[in-house]
Amino acid sequence: QVTIDKIAAGEVIERPASIVKELTENAIDAGATSIAVEIKEGGISFIRVTDNGCGIEKEDIPNAFLRHSTSKIRTAEDLAHIASLGFRGEALSSIAAVSQVELITKTKENTFGSSYRIEGGREAAFEDTGAPDGTTFLVRQLFYNTPARRKFLKTAMTEASHVGDLVMRLALSHPEISFQFYNNGQSKIHTSGNGNLKDVIYHIYGREIAGHLLEVNCETEGLKIRGYIGEPLISRGNRNFENYFINGRYIKSNIIAKAIEDAYKDFQMQHKYPFTVLHLTADTQAIDVNVHPTKMEIRFQNQQEIYKAVSEAVGRALHQEEL
Ligand code: ADP
Ligand code: MG
């Protein structure tokens with residue numbers, strides 16, 4: 001089991017940011033309204049993710065670290081309408097296979113919480129403890145037992161910036177959740193969780209990058225598009241500030257980028273690449289999110305429809321300003 005988990009971990013866990021991604025997605029699935037991410041040395045030596053979600057029952061803890069154990073799929077029908085982000089049931093087993101994990105968790109219904117330690121996939125401690133409602137995962141010494149993989153990690157600074165980017169996107173995709181990010185004890189991100197996307201955008205990017213923001217709000221059959229488009233104050237030569245999410249998931253898509261830029265171009269704006277944060281809500285039948293668990297590229301059943309909807313939504317937002 002331990003060896004298989006180590007191999008499986010290669011699929012899911014590439015770097016500290018992959019761990020933070022899995023742990024924060026679990027926190028979101030657990031209904032957390034506040035999530036804190038702390039890392040040291042780029043997350044290579046230390047990652048802590050704390051949430052105020054539902055917690056894990058004591059008797060369910062060891063199971064949660066078994067491969068293909070998930071509490072999120074109960075029937076075959078569930079598979080067809082997966083709302084939760086994680087559903088493969090292999091994140092915790094993979095993380096535990098290649099690092100030293102400590103878990104502190106408590107559900108509202110219980111007076112005591114539990115603390116659990118698992119190292120290289122083997123249980124090391126399991127006891128009752130006082131704890132706030134919710135869950136804290138501590139992950140130490142990533143790849144301590146797979147030195148070959150450890151070698152592929154970049155510098156602490158680069159790894160930290162991957163984690164920072166991830167938390168940024170999480171904050172943008174969930175304005176209703178308060179996110180905190182600390183790097184080596186320094187607070188880098190702290191969003192309020194008040195649900196206001198514009199607040200999150202300005203907190204993260206500031207006015208120079210986001211510019212003057214125009215609201216995008218369009219709904220067509222099977223597709224909702226909400227968010228903001230801004231004309232950045234500084235020109236730049238890449239798509240780095242075009243953010244878009246599909247059903248809460250950060251993605252990259254040439255079709256969407258092209259749709260945004262074409263609409264923007266039609267209004268003879270100053271730069272080629274606008275600032276955007278767009279939330280697309282689509283019927284799950286129209287998109288294929290299962291391309292690869294860790295990949296960001298997405299496949300659309302109907303590319304033309306998506307292109308048209310996005311460019312119209314963006315065009316309408318820009319047009320409003322003119323009127
Ligand atoms: P998956 O998310 O695909 O179900 P994971 O390996 O990521 O699989 O997690 C295994 C299980 O552990 C989850 O199904 C969930 O029941 C539980 N779990 C993990 N993290 C949390 C958390 N932060 N809060 C509550 N439950 C959690
Ligand atoms: Mg998960």
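Rule-based calculations on the coordinates, nothing more; no lab input. Keep in mind that this is a model prediction, so the values were computed, not measured. Please note: Cβ atoms are built from the backbone with ideal geometry, for glycine as well, and neighbour counts cover all protein chains shown.
General remarks:
- Listed values for segment 106-117 are Karplus-derived 3J(HN,Hα) couplings in whole Hz (6.51 cos²θ - 1.76 cosθ + 1.60, θ = phi - 60°), namely 8, 8, 4, 6, 9, 6, 10, x, 10, 10, 9, 10, and x replaces Gly and Pro.
- Flagged links, alpha-carbon separation over 29 Å, of Lys21/Lys265; Lys106/Lys154; Lys198/Lys272; Lys21/Lys224; Lys40/Lys106; Lys106/Lys198: Lys21/Lys265; Lys106/Lys154; Lys106/Lys198
- For Phe46, net neighbour charge (Lys/Arg +1, Asp/Glu -1) across residues whose Cβ lies under 10 Å away: +1
- The slack in the chain from Ile4 to Thr129, taken as 0.36 nm per residue of separation less the alpha-carbon distance, amounts to 41.9 nm.
- Residue-normalised convex hull volume from the C-alpha trace of segment 227-285: 85 Å³ per residue.
- In this structure the amide hydrogen of Thr146, modeled in the peptide plane, comes within under 5 Å of no amide hydrogen from residues 5 or more places off or on another chain.
- Cβ crowding within 10 Å ranks Lys21, Lys6 as Lys6, Lys21, fewest other Cβ atoms first.
- From phi via Karplus (6.51, -1.76, 1.60), per-residue ³J(HN,Hα) for segment 240-251 in Hz, x at Gly/Pro: 4, 9, 9, 9, 8, 10, 10, 6, x, 10, 6, 9
- 18 Å reach of a label modelled at Gln141, 7 Å along Cα-to-Cβ, counting backbone N of segment 95-116: 95-103, 116
- The relative contact order of the chain, computed from alpha carbon pairs under 8 Å that lie at least 6 residues apart in sequence, is 15 percent.
- In sequence order, segment 312-321 has phi-based couplings of 5, 4, 5, x, 5, 5, 5, 5, 3, 5 Hz under the Karplus curve 6.51 cos²θ - 1.76 cosθ + 1.60, θ = phi - 60°, and Gly or Pro positions carry x.
- Cα convex hull of segment 131-283, projected area averaged across orientations, nm²: 12.4
- When only Cα pairs below 8 angstrom with a gap of at least 6 residues are kept, segment 14-55 shows a relative contact order of 43 percent.
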